[in-house]
Structure formats: C-alpha cells, structure tokens
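A short worksheet on the structure shown next.
The values are calculated or read from the model by the stated rules, or taken from the named source; none is laboratory data. What you are looking at is a predicted structure, and each value in this text was computed from that prediction instead of being measured. Heads up, the Cβs are rebuilt from the backbone with ideal geometry, glycines too, and the neighbour counts pull from every protein chain shown. For the accessible areas, the whole protein counts, side chains as well, though only heavy atoms, and no ligand, DNA or RNA atoms are used. Shrake-Rupley method; radii C 1.70, N 1.55, O 1.52, S 1.80 Å.
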Amino acid sequence: MSSELQVPPEPILPRNGVITIFGYGASISVDRGHLVLNDRVGPNRRHGRFPKIGHGIKRVVAIGSEGSVSLAALRWLSDQNASFVMLERDGAVLATTGPVSPSDVRLRRAQALAHQSDLALRVARELIAQKLYGQAHVIENHFQNPIGAESIREVRTKLSSAQSSDQIRLLESRGAHIYWSAWHKLPVTFPRNDLSRVPIHWQTFGSRMSPLTTSPRLAVNPANAMLNYLYAVLESEARLALASLGLDPGLGVLHNDLRSRDSLACDLMEPVRPQVDAYLLDWLNRGPLRRDWFFEQRDGNCRLMARLAEKLSQSAPIWRRAVAPFAEGIARSIWTANTNRRRPEILSTPLTQSRKRESRGSFLEVPQKPARVQANVCRICGTNIKGAYKYCGACATTIRRENVQKASILGRLA
C-alpha cells in the first residue's frame, strides 16, 4: 500500500468578484445549496465551495471548453445575480449567461426599427466619436504624440457630416490607422534571464493585423494576444449589459449583421476600447512580461497561459462599469426616439443605479482613467514582486554588489 499523503486542493477564491477556472477536470455544480467548483486534475487541484450568502461572486469565467457545468449551477448563479462566461485564450467569446428577468418588448421592437430613421446613424456617430476621443487621449498622454492626437481629432470633427454607416466606418478606419501606427514600435520588455527564449517579434507591439489571418485574430506576439483577450472580456460584459437592459445584442447600429457575432455588443465595445488599450499600456509600462505566461503554437500563434488569463479576467468589473452608461444611453435613445406617448415612460437604470444621467445633448460619458493593474515582476529573473519595486530582493542585492565593485574599480583607475 502506498504511504503517500494526498495533497489538499488549493482553495478557489474570488478576485474582484471574479472566479476563473481552467484546465481538464474543471466542473461547476451545486451540492446541498452550495456552489461547488473543481479545477484541474492530478496533484495541483483547486476546489471552492460557496454558500448563498457572503460569497462575493459576480462572474465565473471558464477558460476553454474542457469541463462541465450543471443546469443547477447556472440557476444558482442567476439567483445570486452572477453571470457565467466561457472564453477561449485566443480572444473568442464562446458563451455568456446572466440573470434573466422580464424585458419590455417595446424596446426591442424599437431597436429593430432604428435603421428606418436616422436613429441608428446618430447612435453610431456618438459611439465612434467617443472612441476617437479616447484614442486621441491615449496617444497624446501615453505616447507623447500631440500631432497624431490632433489628426485623430480632425477625423472626429468630420463625423457630424457623415450620412451613412459606410462613411462612419471610413472615418473610424482613418483614425485607427493613425492610432495603431503610434503603437507599432512600442517596446515590450521581458526579464533579462528570459531574453534568450523570447523571439524578436515578441519584443515590440508590432501590427494589429496578424500575418496568420490579416486581421487582429490569432495574434503572433504577447502584447496583441493580451489585447485580444481583454477585448474578449469586454465583449462578454457588453453582451451581458445589453441583455440585462432588454436589448438584443445582435441587432447592431454600425457593425453589419453576421451570423458569427453580436453586432450591437461590438458597437457597445467601441467607446470603451481606448480604456482597455490604456489598461494594457499601464501593464506593459509597469514592468516586464514573463516568458512562461505565453506559449507559441506550431503556426506561430501566441496564446496565453492560464495564469495570465486568470489575471486578465479579473479586470471584468472595470469593463462592467465602463460599458454601463453607454449601454443605458443606447437604450434611452432608442426608447425616447420611438415613443408616441404624451408622457413617455423613463427607463430604469439598473446598470448605473442612477436616473441622473438622463440625456442632455449627448448620452455618452467621457472615458474614465482605468484602474491600475496589480501584476509586477522582477526585471532580471521574472519573480513576482509586490509594490512598485523593479527587482526582487535577491536581484537587488546582486545589483548593489555589482555597483559597489564597479565603483571600486573606477576609483582605482582614477
């Protein structure tokens, strides 16, 4: 008989209201009124058991399609006003489910008729105007590029005269060309000890267009892979926000109708994308990335390891708050533009919990400064460190010793 002791599983705990599970053997179920989560197989297992009171769960994010989730678990999450999201590491949203409540069919009917008037065009102009505003802010403040920022602002001023969705998309693409050109040579650092294992094209941001797809899909370097995954988290929050308001995420105002996407959710993402970009820039500027956070497939596609994907998933509350006023603004515009009542009903604001943001000229808010990330690693060995330090204790001691030796040698030469 084996005398080996079984290693107890690591506890699963929510971070910022988000629980992330991944790997083979993942399961979500309900046992005696408790939500039970199991993650991974073998010795490195994780386990969580949560009662209905005091659990702190807002999102359960499953990375990948391996594992299982029971119908009882989805009902448990819905009863607790929490949502379930399934993502792929390449930035694809596989599924989203949230609390279900009766919605006003009149709002969806008005949404479907938005293209029969100029409503869809007005909403699309507002969304892209806010996106261009955010992009100009990012490259002016993060890249110190006032010329590029002014060029984007000039593009933004032309939106008011756009008379079709095609014209809006053309202006958006012009702004995007200026914007992503500023990103092209952005350095992406890795710890000194990892550089021998890091491909050259991983050490800059490069192009948003992947050579594998001629689109942002299937990124070939870490920075773009991280951005794709953050956009996936944002898309899931956009879908959930629209559904909770009673809007159809698929009936867009700017993006064309396609079987493979929810067009209105993509529209809602646009004004928040610069906030996601600023979040990534903050991450890259604070310290190096670790080589073991990524793996490269045989075709060159760069994917995120589970450890990094879990950290990025914890940004979901930021994007939930960011999309809320825009989603409510879209619903409010659709509702007020298609009402014939003398005393039109005022829509509730379940996402922002405030009716003070009623439409006054423009229904959208200026993007706020995103929260700082909490990941920091040593610039030499890549060890996780706390605070704003650049080096871990061991590497800092080594650097001090080397500086003392250099000073001694220079003193003797002098």
Note to self: If you count only protein heavy atoms with a 1.4 Å probe, what accessible area per residue comes out for the chain, rounded to a whole Å²?
What the structure shows: 52 Å²
Check: Rounded to the nearest 0.05, what FRET efficiency do Ser27 and Phe295 have when you use their Cβ-Cβ distance and R0 = 22 Å?
Finding: 0.35
Next item on the list: Would you work out which of His115, Ser196, Ser161 lies farthest towards the positive end of the dipole of the stretch 98-207? Charges go on Cβ: Lys and Arg +1, Asp and Glu -1.
Entry: His115
Checklist line | Leu170 versus Arg108: modelled label distance in nm, points set 7 Å from Cα along the beta carbon direction | finding: 3.6 nm
Notebook entry, point to check: How would you rank 115-127, 163-175, highest first, on the average number of other Cβ atoms within 10 Å across their residues?
Noted result: 115-127, 163-175
Notebook entry, point to check: In Å, what is the Rg of the alpha-carbon atoms in the chain, and how long is Dmax?
Noted result: 24.0, 91
Notebook entry, point to check: Extension gain Arg122-Lys406, at 0.36 nm per residue separation less the Cα-Cα distance, in nm?
Noted result: 95.8 nm
Next item on the list: Could you work out which residue, out of Ile346, Ile178, Ile334, moves most in a Gaussian network model of the chain, that is, has the largest mean-square fluctuation with Cα springs under 10 Å?
Entry: Ile346
Next item on the list: Name the long-range amide H neighbours of Thr20: under 5 Å, sequence gap of 5 or more, or other chain; modelled H, no Pro or chain starts.
Entry: Val61
Next item on the list: Using a Förster distance of 45 angstrom, determine the FRET efficiency expected from the C-beta separation of Glu150 and Arg286, and round it to 0.05.
Entry: 0.95
Margin query: Quick query: amide H of Leu35 versus all other amide H atoms, modeled in the peptide plane; which residues come in under 5 Å with a sequence gap of 5 or more or a different chain?
Written below: Phe50
Checklist line | With every protein chain in place, the chain: carbon and sulfur % of accessible area (1.4 Å) | finding: 51 percent
Notebook entry, point to check: For the stretch 18-48 and the stretch 250-292, what is the separation of their Cα centres, given in Å?
Noted result: 28 Å
Notebook entry, point to check: Could the peptides 144-151, 83-90 be put in order, highest first, of the mean number of other beta-carbon atoms found within 10 Å of their residues?
Noted result: 83-90, 144-151
Item checked: In Hz, Karplus ³J(HN,Hα) per residue of the stretch 184-193 (6.51, -1.76, 1.60; θ = phi - 60°; x = Gly, Pro) -> 3, 9, 4, x, 10, 8, 10, x, 4, 6
Check: Going highest first, how would you order 315-324, 301-310, 402-411, 45-54 by mean Cβ packing within 10 Å?
Finding: 315-324, 301-310, 45-54, 402-411
Checklist line | Pairs of Lys in the chain closer than 21 Å at Cα, counting only those 8 or more apart or on different chains | finding: 7
Checklist line | Simple spin-label estimate for Ile53 and Asn193 in nanometres, 7 Å along Cα-Cβ | finding: 4.8 nm
Next item on the list: Express in Å², to the nearest 10, the accessible area of Phe143 obtained by rolling a 1.4 Å probe over the protein heavy atoms while all chains stay in place.
Entry: 50 Å²
Note to self: Run the numbers for Ala396 and Ala337: contour at 0.36 nm per residue of separation, minus the present Cα-Cα distance, in nm.
What the structure shows: 15.0 nm
Item checked: Gaussian network model of the chain, springs between alpha carbon atoms under 10 Å - residue of Pro14, Pro288, Pro43 with greatest fluctuation -> Pro43
